[in-house]
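Everything below concerns the one structure shown next.
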Amino acid sequence: MTRAAGSGARRSRCPRCGRPVLQQLVGRRAALSVVADDEQMTAAAAEALREPNRLHWCVRLGRDGPDLMWADCRTRRTPCDRPHVIDHKCTAPQVPARPAAQRRTSRPTPVPAGQLTL
């Protein structure tokens with residue numbers, strides 16, 4: 001299993017829906033920024049919820065709190081006994097994008113209107 005890049009998962013809330021989530025950089029070289037639901041489940045339950053773009057993670061509980069690790073439980077001969085979490089899928093409505101702010105310049109342009117500058 002791949003160890004975490006940081007010191008473990010940080011508990012917080014989703015800014016859109018408010019559900020409790022775990023956030024952590026997972027991996028050794030190119031770490032993934034993981035945001036997973038804080039609801040722990042069995043490996044089989046997490047595998048059932050897994051989708052192509054929604055992964056599940058093994059949770060190792062240490063003295064510093066939860067630590068998310070890559071769930072390679074399918075390759076084991078015995079069932080994984082650690083709790084699992086799954087990537088967060090926000091249920092809140094999408095926030096509309098803000099229109100781009102118009103740039104204002106307080107100085108007049110140094111060239112007459114219609115002339116190109118280099």
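What follows draws every value from the coordinates through simple rules; no lab data is involved. Everything numeric in this text was worked out from a predicted model, so none of it was measured. All Cβ positions, glycine included, derive from the backbone under ideal geometry; neighbour counts span all protein chains shown.
Taking other residues whose beta carbon is less than 15 angstrom from the beta carbon of His88, and scoring Lys, Arg as +1 and Asp, Glu as -1, yields +3.
Based on the mean of other Cβ atoms within 10 Å per residue, sort peptides 16-27, 45-56, 86-97 so the most packed one is first.
Values: 16-27: 16.7, 45-56: 14.2, 86-97: 12.0.
In descending order of packing, they fall as 16-27, 45-56, 86-97.
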